[in-house]
Amino acid sequence: MEDLLATCAHVAHFLLPLLALIVLLRCVRSMLSGRADPETWGYLVTPEGQVRPLLHWECIIGRSRSADVTLPFSDVAGVHAVLMRNDRGEWRIHDLSRGGGVFLNGKRVEGTEPLVDGDIIRCTTHMLKFAANTDAHRAIQEKRRAVAGWRVSPAATLFFLTLLQLLLVLEFLLSADPAYRFNTILAFFALILIEWLCYLLMRTMDRSGFEVETLAFFLCTLGLSVCATATPAELTRQVVLLLAGVVLFFLFGWWLRDLSHVKALRWPAALMSLALLALNLVAAQEIFGARNWITIAGFSLQPSELIKVAFIYVGATTLDRMFRSRSILLFIAFSAVCVGGLALMGDMGAALVFFATFLVIAFLRSGSIATVLLAVTSAVMAGMLVLSVKPYVAQRFQTWGHVWQDVNGAGYQQTRAMSAAASGGLFGQGAGSGWLKNIVAANTDMVWAMLCEELGLIVAVIAILAIIALAIFTVKNAARNRSSYYVIAACAAVTMMMVQMGLNVFGSLDILPFTGVTFPFVSRGGSSLISCWMLLSYIKAADTRRGGSFIVKAAKSGKEAAA
Amino acid sequence: MNKVKRRAMSALLVAALILCGLGVYIVRYVRHGAEWATFAANSSVYISGVLATGTLTDRNGVVLARAADGEHTYADDAAVRRACYHAVGDYAGNVGTGALVAFSSQLAGYNPITGTYASGGHEVALTLDSALCVAAQEALNGQKGMVLLSNYKTGEILCMTSNPTTDPADESAALADGTYLNRCINSTFTPGSIFKLITAAAAIENLPDLDSRTFTCSGSIDVAGVTVTCSGVHGTQNFEDALANSCNVAFAQIALELGGDTLERYVSDLGFTDAQKLDSITTAAGSFTKDAAGTPGLAWSGIGQFEDLICPYSMLRLVSAIAQGGALPEPTLLLDNTNGTTTLLRAATADKLRDMMSYNVYSHYGTDNFPGLNLCAKTGTAEVGDGTSHSWFTGFLLDDAHPYAFVVLVENGGGGLSVAGRVANAVLQRAVSSE
């Protein structure tokens, strides 16, 4: 019996990378296949009879070639006017011309005016007639669009993921401490249950896009495996946190459905973030040199993780506000306080993650590389200042690239990480059979090396590619998105995940300085797990494929619309 | 929206950077994975920093060292343990170039595909013949020195032993100075007359009328007011006899004529001043100081004195190349392994040196001293400044069935032929008869 089990575990250990690859490839194929059908929400007709479709909920009219509707005349501003549609199908026009003026049916628009079918828009001297798309017409168009998950069955992908999880259970049967064996099995079965419930919930909402969730569950599986190896006593906690993360993913996603709700809470979200930061600075405990933990009623949490979600919530914006300098300046101030606060706490990793996210948001909003370079330069200078006053941060930089010269000092963790990662080879030592778990922070800062050691380089690389796949998916979706809010939020969320992942992985391998941030979904840490699931809502919100996302409301059927 | 969707590509920049980083890691993993995996903190192959897995054997399967179940053992026979101590090393890592250190990744069963997953570690077979090492250690008879013997057709090292040595199983053994040094590969010594092989190689290729020349030796020669002495009075001799007589007067003249630059180039080209790679082991680099033209220093440096220092391993490579027509298979300690071929000498030069080394034995050293061996050799008696001399004997067998090259050194042993020559004969007789 034992021998049989050992043989099975041996085979499982070689099958695991294959299944991980299947899951990844199926998700990627599903996410990237299918036509990028545009959605048409209305039209603008020129006096010459040219029809310009409005393909988003937010459209720019302007001289600029990158405007959605280009009017190539010198008396038209680069960004002259913005047309915006809301959830109820009502359109508004905003004047951003700063001079030339926008006129609606001959009357000058002061700020913003509602727009209805048949209205005549004049930008300085150039006329356009607006034609709204009716719900009935929309429903017909909608039917022609490709359905998410149509070519690659999401259920089958999830089935492969389940197989992978069962193989892990098999390996743990052999390697787990008998005291925790039952708990380990239970935890994996709970994970399987949660993911299939999630899937069923999607189906009942008539949605068929499940790739984003599948990839997240794949990463959570690796996280659970790390937990079962390193801290088996925390398995129950991990499953509860995972469940909480998934529930928040749905709730937060539900909230993101309606942009008017979202906009209403931007100020409160910003204030809450600042309050949390302040609380953190006052009441935090110092752990490993960084004051980034607070304990409330026995639960310790890392406020910076929750602020991540709020940061994007505040930073993303719709087109009408995007070009207002007041809005940008406020966001810069908010970002500076966040990054500065984190730096004060000594949480350099989180400060870097926020800063990189800030750069992406700033670039998406301004489109100016000069601005970004300016920000980077000032940050580097600020960084130098920090290095000169915080000796332990400077020490990390001195160690960088020289860890093998100081294997029992400053290079202690990284050398162990590399050694363990190398002994895993491509297929790993087997789940639960590594030794790196005994090193401090193995399951957080060096978690990728733990994956390499126990599950092998292939699975570890697939974990990285899973996050990259989310990024590519997000960029692909940007082209057919309804609101810039979702595009900015999703791009910021994937950037946040990627930067965190990059700092985590390459920090532990001495390719970057060791900063101590978490690998999304995989590293131990409840706050981090929950914030990752909430960040995933942003990514999910940007998926506008037909039936792709529960966060995007489906078009009313033709019949309903007619009635 | 068009503006925003173009800018969204910036997220791909971050993705590209991550892929670059991953590429860097994978390249490093392929290049350094073995070093990382054999880092002593790796608990899957080390226990408390000591290699915990793998078996090391000699070419005949004799276990030289084994780690399993937390136990470390060495060869059963104490004589084998002592004779192979430097080649094998010990689990404490006292011999930095020992096989236990040098081949730890193979012993750990590391490869980039499965890491160290294979349970129980691996068996690594060395090319050494432990019985031959014991015979060599016995022939040294407690004297400081070393014996290195290889198959020059395959590069396999059959004998590598060094004295003083110790028994790794006996941790309380008293240690003589320099016990942890493998004299075969980690030390450099004054070469004395075996260096004349290098000077001869340079002379053959640079002095066109060499064969028609004669060298007159009256026991010494005056170089810029300093007397360079010879071991005898050799009278008028040709080049072959000059080498066979190991005539200092002749070789001082040759060195002066070749000049410091040429000599230095040959010492370097023949691999004496660089560290060599024996599998993954780095050997000691010798040194050669070039003195000004016409100086006694230059004369002495061509005779293997002055500031000349060589590593015995480099001499093994040279005599292997001479035996093989100039190209040698690089030596190895790993059975069923080849390290490629290096050309050290032109074929004509190698053949000429081979014939001269054969002539040395027939005309001067005496075949009776080496019964049954078709030997080509060169002696060396290197003055080390304290009145004593290192005794050297190096060469090879011209014998397809027993293609052995060797270097023997007995420190402060005296005459090359009488001391090192006798050790070499004992080891060669044993090597030839054991097959």
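Scanning the stretch A:430-455 for residues that are farther than 18 Å from A:Phe514 by Cβ, in a loop (DSSP other than H, G, I, E, B) and either among the β-branched types (Val, Ile, Thr) or touching a residue at least 40 places away in the same chain (Cβ under 8 Å) (or both) yields a total of 5. If the condition is being modelled with pLDDT of 85 or more and among the polar types (S, T, N, Q), then the stretch A:82-97 contributes no residue at all. For the stretch B:153-163, name all the residues that are in a loop (DSSP other than H, G, I, E, B) and either on the phi > 0 side of the Ramachandran plot or surrounded by 20 or more Cβ atoms within 10 Å (Cβ to Cβ) (or both). Hit for the stretch B:153-163 is B:Gly155, nothing else. Could we say that B:Glu330 is within 27 Å of B:Thr229 (Cα to Cα) and open to solvent by 10 Å² or more (accessible area, probe 1.4 Å) here? Spelling it out, it is not the case that B:Glu330 is within 27 Å of B:Thr229 (Cα to Cα) and open to solvent by 10 Å² or more (accessible area, probe 1.4 Å). Which of (1) part of a helix (DSSP H, G or I); (2) of a type outside the set (Asp, Glu); (3) within 14 Å of another protein chain (Cβ to nearest Cβ) does A:Ser537 not meet, given it meets every other one? Among (1) part of a helix (DSSP H, G or I); (2) of a type outside the set (Asp, Glu); (3) within 14 Å of another protein chain (Cβ to nearest Cβ), A:Ser537 violates only (3). If you check B:Leu140, B:Leu158 for being farther than 21 Å from B:Thr273 by Cα, in contact with an Asp or Glu (Cβ under 7 Å, 6 or more places away or on another chain) and outside the structural domain of B:Ala347 (by TED's automatic domain parsing), only one passes: B:Leu158. Mind checking whether some residue in the stretch A:34-45 is open to solvent by 40 Å² or more (accessible area, probe 1.4 Å), among the hydroxyl-bearing types (Ser, Thr, Tyr), more than 30 Å from A:Phe159 (Cα to Cα) and more than 32 Å from the chain's Cα centre (by Cα)? For the stretch A:34-45, residues open to solvent by 40 Å² or more (accessible area, probe 1.4 Å), among the hydroxyl-bearing types (Ser, Thr, Tyr), more than 30 Å from A:Phe159 (Cα to Cα) and more than 32 Å from the chain's Cα centre (by Cα): present.
Considered as a group, the residues in the stretch A:506-528 that are part of a helix (DSSP H, G or I) and within 11 Å of chain B (Cβ to nearest Cβ) include one that is surrounded by the fewest Cβ atoms within 10 Å (Cβ to Cβ), and that residue is A:Phe506.
Count of the stretch A:51-97 residues, restricted to those that are open to solvent by 20 Å² or more (accessible area, probe 1.4 Å), away from chain B (no Cβ under 12 Å), of a type in the set (A, V, I, L, M) and not in a strand (DSSP E or B), is 2.
What are the residues in the stretch A:10-33 that are open to solvent by 20 Å² or more (accessible area, probe 1.4 Å) and of a type in the set (Ser, Thr, Tyr), if any? Hit for the stretch A:10-33 is A:Ser33, nothing else.
When you look at B:Thr295, is it hydroxyl-bearing (Ser, Thr, Tyr), on the phi < 0 side of the Ramachandran plot and surrounded by fewer than 24 Cβ atoms within 10 Å (Cβ to Cβ), yes or no? Lay out the reasoning, then the answer.
Values: hydroxyl-bearing (Ser, Thr, Tyr): yes; on the phi < 0 side of the Ramachandran plot: yes; surrounded by fewer than 24 Cβ atoms within 10 Å (Cβ to Cβ): yes.
So B:Thr295 fits the description; yes.
Restricting attention to the stretch A:472-488, which residues are open to solvent by less than 10 Å² (accessible area, probe 1.4 Å) and either at pLDDT 95 or above or hydroxyl-bearing (Ser, Thr, Tyr) (or both)?
Scanning the stretch A:472-488 gives A:Thr474, A:Ser483, A:Ser484, A:Tyr485.
Screening A:Gly111 against (1) away from chain B (no Cβ under 14 Å); (2) within 29 Å of A:Ala554 (Cβ to Cβ) leaves a single unmet condition, (2). Just one of the listed residues (A:Ser483, A:Ser419) is touching an Asp or Glu at 6+ places or on another chain (Cβ under 8 Å) and within 11 Å of another protein chain (Cβ to nearest Cβ), and it is A:Ser483.
Here is a check on your reading of the model: is B:Gly304 assigned to a loop (DSSP other than H, G, I, E, B), surrounded by 20 or more Cβ atoms within 10 Å (Cβ to Cβ) and on the phi > 0 side of the Ramachandran plot? Considered against the rule, which asks whether it is assigned to a loop (DSSP other than H, G, I, E, B), surrounded by 20 or more Cβ atoms within 10 Å (Cβ to Cβ) and on the phi > 0 side of the Ramachandran plot, B:Gly304 comes out as yes.
Table: residues versus (1) closer than 25 Å to B:Pro208 by Cβ; (2) more than 25 Å from the chain's Cα centre (by Cα).
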| position | (1), (2) |
| --- | --- |
| B:Gln237 | yes, yes |
| B:Ala244 | yes, no |
| B:Ile254 | yes, yes |
| B:Val267 | yes, no |
| B:Gln276 | no, no |
| B:Asp279 | no, no |
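The residues of the stretch A:163-192 that are under 15 Å from A:His13 (Cα atoms) and open to solvent by 20 Å² or more (accessible area, probe 1.4 Å), listed by number, are A:Leu163, A:Leu166, A:Leu167, A:Leu170, A:Leu173, A:Leu174, A:Ser175. Residue-level analysis places A:Ser531 among those that are within 11 Å of the chain's Cα centre (by Cα), surrounded by 24 or more Cβ atoms within 10 Å (Cβ to Cβ) and more than 17 Å from A:Ala471 (Cβ to Cβ).
As a summary of the residue check, A:Arg326 satisfies the conditions (1) in contact (Cβ under 8 Å) with a residue 24 or more places away in the chain; (2) surrounded by fewer than 16 Cβ atoms within 10 Å (Cβ to Cβ); (3) within 27 Å of A:Arg98 (Cβ to Cβ) except for the one numbered (1).
Taking every residue in the stretch A:146-171 that is within 18 Å of A:Ala187 (Cα to Cα) and of a type in the set (Ser, Thr, Tyr) and pairing it with any residue that is open to solvent by less than 30 Å² (accessible area, probe 1.4 Å) and in a helix (DSSP H, G or I), at least 6 positions away or on another chain, the pairs with Cβ-Cβ distances below 9 Å are A:Thr162/A:Ile192; A:Thr162/A:Glu195.
Within the stretch B:230-241, the residues that satisfy the criterion of being at pLDDT 90 or above and polar (S, T, N, Q) are B:Thr236, B:Gln237, B:Asn238. In the set (1) away from chain A (no Cβ under 14 Å); (2) hydrophobic (A, V, I, L, M, F, W, C); (3) touching a Phe, Trp or Tyr at 6+ places or on another chain (Cβ under 9 Å); (4) open to solvent by 10 Å² or more (accessible area, probe 1.4 Å), the condition left unmet by B:Ile113 is number (1). When each of B:Leu345, B:Leu375 is tested for being in contact (Cβ under 8 Å) with a residue 40 or more places away in the chain and either farther than 20 Å from B:Leu409 by Cα or open to solvent by 20 Å² or more (accessible area, probe 1.4 Å) (or both), the lone residue that passes is B:Leu345. The residue of the stretch B:116-142 that is surrounded by the fewest Cβ atoms within 10 Å (Cβ to Cβ), among those that are touching a residue at least 12 places away in the same chain (Cβ under 8 Å) and within 14 Å of chain A (Cβ to nearest Cβ), is B:Gly120. Taking the stretch A:426-459 as the range and being over 20 Å from B:Ala34 (Cβ atoms), among the aliphatic types (A, V, I, L, M) and open to solvent by 10 Å² or more (accessible area, probe 1.4 Å) as the test, the residues that pass are A:Ile439, A:Val440, A:Ala441. When the criteria are applied in full, A:Leu503 fails the requirement of being open to solvent by 10 Å² or more (accessible area, probe 1.4 Å), at the interface with another protein chain (Cβ under 8 Å from one of its Cβ atoms) and over 14 Å from the mean Cα position of the chain (by Cα).
The values are calculated or read from the model by the stated rules, or taken from the named source; none is laboratory data. Bear in mind the structure is a predicted one, so any value in this text is a computation, not a measurement. So basically every Cβ, Gly included, is an ideal-geometry build from the backbone, and we count neighbours across all protein chains shown. SASA here: full protein model, heavy atoms, side chains in, ligands and nucleic acids out. Shrake-Rupley method; radii C 1.70, N 1.55, O 1.52, S 1.80 Å.
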